[in-house]
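Here's the structure we're looking at; comments come further down.
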Amino acid sequence: MENIYDHFENTIKEYFGERMKTDEELCRKIWSSLANVDWYYIGERPLLLQVSYSFRAAGGMIANIIERGDYMDWYCSGPDGIVNNEFRYAMRKVGYLADDVGMLCDGPGCIEKATCGWPDENGGPYRNTCYKHYKMHNK
């Protein structure tokens, strides 16, 4: 049985591989759709499975699919975490959903994007907050 990362990459190859070999703009859009985005597989398998890619890993996948270059050829080739709609819809068709909302502030009731972080003073989990809650913490 192939692992979830192989399944994800093979799905991209199947849907986009030939076009990617001749379309650098598509490669940049797919890099942006992969870098720092969590993808969840809700298809035929009984468990919810997740894949996510760093900037380098996303670049490496692009180079692997187009069969030339390496991760540095695609590293930061577009804005990270921006999922292209064509890519989103094709991946959804086979059971993958993107979580591209990003990390949210862990302040009570806050739904702002987390932009600051620090270790909890009481040994709890690492804090991730918006700037407003960060400032409140550091008074």
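The values are calculated or read from the model by the stated rules, or taken from the named source; none is laboratory data. Please read these numbers as outputs of a predicted model, since none were measured by experiment. Please note: Cβ atoms are built from the backbone with ideal geometry, for glycine as well, and neighbour counts cover all protein chains shown.
Residues of the stretch 41-53 that are surrounded by fewer than 17 Cβ atoms within 10 Å (Cβ to Cβ) and in contact with a Gly (Cβ under 9 Å, 6 or more places away or on another chain): I42, G43, E44, R45. Restricting to the stretch 89-100, name every residue that is of a type outside the set (D, E, K, R) and in a strand (DSSP E or B). Listed by number, the residues that qualify are Y96, L97, A98.
Of all the residues in the stretch 101-119, those that are of a type outside the set (S, T, Y), assigned to a loop (DSSP other than H, G, I, E, B) and surrounded by 10 or more Cβ atoms within 10 Å (Cβ to Cβ) number 10.
Scanning the stretch 120-139 for residues that are in a loop (DSSP other than H, G, I, E, B) and farther than 24 Å from G81 by Cα turns up D120, E121, N122, G123, G124, P125, N138, K139. Is it the case that the stretch 6-14 has a residue that's without any contact (Cβ under 8 Å) to a residue 24 or more places away in the chain and closer than 28 Å to T115 by Cα? No, the stretch 6-14 has no match at all.
For the residues E9, E86, the requirement of being within 14 Å of the chain's Cα centre (by Cα), assigned to a helix (DSSP H, G or I) and under 30 Å from L104 (Cα atoms) singles out E9. In the stretch 14-71, the residue that is nearest to A98 (Cα to Cα) out of those that are at pLDDT 95 or above, within 12 Å of the chain's Cα centre (by Cα) and of a type in the set (A, V, I, L, M) is L34. Considering the stretch 51-83, and only residues there that are in a helix (DSSP H, G or I) and among the charged types (D, E, K, R), the residue that is farthest from I4 (Cα to Cα) turns out to be D73. If the condition is being more than 22 Å from D38 (Cβ to Cβ) and of a type in the set (D, E, K, R), then the stretch 103-139 contributes D120, E121, K132, K135, K139.
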